[in-house]
1. Give the percent of DSSP beta bridges with both residues in the chain that are antiparallel, rounded to the nearest 5.
2. Suppose only helical runs count, i.e. DSSP H with n ≥ 4. What mean residue ellipticity at 222 nm does that imply for the chain under -39500 (n - 2.57) per run, divided by all residues and rounded to the nearest 500 deg cm²/dmol?
3. Can you work out the FRET efficiency for the pair residue 218 and residue 115, with r the C-beta to C-beta distance and R0 = 22 Å, to the nearest 0.05?
4. Could you pull out the pairs from 202/226; 171/226; 118/226; 118/241; 118/156; 69/258 whose alpha carbons sit more than 20 Å apart here?
5. In Å, what is the Rg of the alpha-carbon atoms in the chain, and how long is Dmax?
6. Which value in nm describes the separation of the simple spin-label points at residue 270 and residue 34, placed 7 Å from the Cα toward the beta carbon?
7. List 268, 123 from most exposed to least, where exposure is judged by having the fewest other Cβ atoms within 10 Å.
8. Taking 0.36 nm per residue of sequence separation and subtracting the Cα-Cα distance, how much length would be gained by fully extending the chain between residue 46 and residue 226, in nm to one decimal?
Amino acid sequence: MENLEFFEVPNIDSDISGQLLKKNQLAIAKIITREDGIFCGMRWVEQIFQQLDQSVQLKWRVRDGDKIKSGQILCIIEGDAHILLLAERVALNFLQTLSGVATKTAHYVEILQGTEVKLLDTRKTIPGLRSALKYAVLCGGGFNHRLGLFDAYLIKENHIIEEGNITSAIKKARLAHTNVPIEVEVENINELNEAIEAIEAKADIVMLYNFTISMMQEAVMIAKGKVALEVSGNITLKTLKEYAKTGVDYISVGALTKNITAIDLSMRFHE
């Protein structure tokens, strides 16, 4: 948000629709939700308006993580009418997208109630918006997986092929970064057995990728008390509870930040 191209104009006077307004005309607008959900996105909206005009005032009626109801006023905005219209679409895009992620996450978390399973996001995010989308997951009651390729190991099939075996890959990772979490992805029971044998090399989590329910049940029996298990791949709202019942520790869902359904919001001027 460091240049005006973000607002679809090369400069602040290039908004030809905004030129229809009188200069320095003050306006009051309200952001309203047209559906229920979980709210998220305050800081991004504040930055958008402040970048254009620091005199714009925002009076929030909600906070990130709050439940919102259809018809509810979320924010009152006061400032130059041209500035409000220039920022409107970008501000709503952020609010709708982040609130949509928070709302979807809350649906998954609700289904997991009564279990000890933690819901995780993934790196399947819109380029440039990873931090924002992962923050929205937190607002919806979920937890963050690794932020990028720098803060945790995820040793996958190609790493193992190049290194030769899981044990060797884990040992090399632990020697390189002693305090960084190590996770190993496996796609079948044979790989799981090899991963568990490698626990002596200090792996922290094993991810079961695209396992069926029956395969997961077997995996939980094998790994019980030895290593934490995460399941990922093709998990939906319909199958979530069944996966949770197997006894895994974590469920990661790429759809939280990849298949986003925006919340319906609008901004209207007071007449």
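1. Details: 18 of 37 bridges.
If we restrict to bridges inside the chain, about 50 percent are antiparallel.
2. Values: 9 runs with 99 residues, N = 271.
Result for the chain: -11000 deg cm²/dmol, rounded to the nearest 500.
3. On the way: r = 19 Å, r/R0 = 0.88.
Working from the Cβ atoms, E equals 0.70.
4. Numbers: 202/226 11 Å; 171/226 17 Å; 118/226 18 Å; 118/241 12 Å; 118/156 22 Å; 69/258 24 Å.
Among 202/226; 171/226; 118/226; 118/241; 118/156; 69/258, the Cα-Cα distance tops 20 Å for 118/156; 69/258.
5. 23.1, 73
6. 2.3 nm
7. Numbers: 268 12, 123 16.
So the ranking, lowest neighbour count to highest, is 268, 123.
8. Details: separation 180, 0.36 × 180 = 64.80 nm, distance 4.67 nm.
The residue 46-residue 226 span can extend by a further 60.1 nm.
FYI, it's all coordinate maths here, none of it is from the lab. A quick note: this is a predicted structure, and the numbers were derived from the prediction, not measured. In this analysis, Cβ positions are derived from the backbone assuming ideal geometry, glycine residues included, and neighbour counts consider all displayed protein chains.
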